[in-house]
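Here is the structure we will look at, set down as structure tokens.
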């Protein structure tokens with residue numbers, strides 16, 4: 001679908017302005033971006049176009065990115081409030097699709113009472129077997145680099161630390177989007193904060209039907225994390241799809257999401273921590 005989206009803004013509880021666009025008609029689906037993503041850069045706008053034949057699809061700029069403003073100090077609860085304001089604006093309950101750290105934000109929102117009908121999560125970076133280190137770690141390192149004016153180094157350090165292949169980072173450095181990534185480098189701390197905001201024992205309280213997707217070309221670590229999240233959720237289902245490292249093509253992902261959000265084709269083995277289902281996207 002190629003219709004022109006309706007653009008708007010909502011005001012979050014702390015006064016932050018959140019910019020969004022809405023297209024299509026039908027049940028509400030909100031797309032929650034990963035670290036470094038916003039409407040002008042990343043998979044959400046193309047995915048929205050593919051889903052808009054059947055759903056009212058909202059993609060938005062998370063706080064501190066694109067057309068949205070920001071308010072200090074950062075808290076995860078404020079990002080949940082941003083999502084709540086969007087759902088209130090377009091009408092809920094909503095289906096949420098989150099990618100990477102955006103998937104964790106969607107999980108946190110559902111755990112904290114956002115009116116969510118269904119969740120779909122692409123490779124949430126949650127290692128449920130790791131014990132908290134109690135050390136500042138990567139978030140502090142990124143914040144220090146940003147404070148020193150080394151935004152490009154902050155982005156590169158973040159990507160290397162989370163396992164982005166070096167050739168992918170180098171390709172990004174040569175792209176016209178690198179400057180945009182540098183501008184939002186401070187928000188990488190937000191994503192790292194989100195990943196630590198959902199204790200493993202709280203996943204049992206997220207009871208809405210949830211589809212967890214991983215790319216068959218991602219590394220074993222990302223697949224293991226996806227498997228762990230699906231197993232920990234009472235109604236979690238797991239699906240492997242063809243794709244590249246930490247991504248699945250929108251043309252394959254959109255039909256899978258549409259089926260799940262509409263409830264047309266529940267994966268085999270559905271139920272708490274069910275087996276791998278669905279198989280590779282063709």
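Points to keep in mind about this one:
- Selection status of residue 25, farther than 23 Å from residue 248 by Cβ, in contact with a strand residue (DSSP E or B) (Cβ under 9 Å, 6 or more places away or on another chain) and not in a loop (DSSP other than H, G, I, E, B): no
- From 31, 47, residue being within 16 Å of residue 100 (Cβ to Cβ), part of a helix (DSSP H, G or I) and modelled with pLDDT of 95 or more: 47
- Residue 228 vs. criteria buried (at least 16 other Cβ atoms within 10 Å of the Cβ) and either at pLDDT below 95 or outside any helix (DSSP H, G or I) (or both): no
- Residue count for the stretch 174-197, restricted to those that are surrounded by 15 or more Cβ atoms within 10 Å (Cβ to Cβ) and in a helix (DSSP H, G or I): 15
- Condition check for residue 102: surrounded by 18 or more Cβ atoms within 10 Å (Cβ to Cβ), on the phi > 0 side of the Ramachandran plot and at pLDDT 95 or above: no
- The stretch 51-80 - residue that is buried (at least 21 other Cβ atoms within 10 Å of the Cβ) and part of a helix (DSSP H, G or I) and, of those, farthest from the chain's Cα centre (by Cα): 51
- You will find that of 255, 234, the residue that is farther than 19 Å from residue 160 by Cβ and assigned to a helix (DSSP H, G or I) is 255 and no other.
- Selected residue [surrounded by fewer than 17 Cβ atoms within 10 Å (Cβ to Cβ) and within 23 Å of residue 254 (Cβ to Cβ)] from 163, 91, 152, 113: 91
- Odd one out for residue 114, checked against (1) in a loop (DSSP other than H, G, I, E, B); (2) over 29 Å from residue 95 (Cβ atoms): (2)
- From the list 228, 149, the one residue that fits, being at positive phi and out of contact with any helix residue (DSSP H, G or I) (no Cβ under 7 Å at 6 or more places or on another chain), is 149.
- Residue in the stretch 84-91 that is in contact with a helix residue (DSSP H, G or I) (Cβ under 8 Å, 6 or more places away or on another chain) and within 25 Å of residue 247 (Cα to Cα) present: no
- None of 211, 121, 126, 145 is crowded, with 18+ Cβ neighbours inside 10 Å, within 18 Å of the chain's Cα centre (by Cα) and either outside the structural domain of residue 234 (by TED's automatic domain parsing) or part of a loop (DSSP other than H, G, I, E, B) (or both) except 126.
- Flag for residue 251 being exposed (fewer than 14 other Cβ atoms within 10 Å of the Cβ), over 17 Å from residue 33 (Cα atoms) and at pLDDT 95 or above: yes
The values are calculated or read from the model by the stated rules, or taken from the named source; none is laboratory data. A quick note: this is a predicted structure, and the numbers were derived from the prediction, not measured. Glycine also receives a Cβ, built like all others from the backbone with ideal geometry; neighbour counts cover every protein chain displayed.
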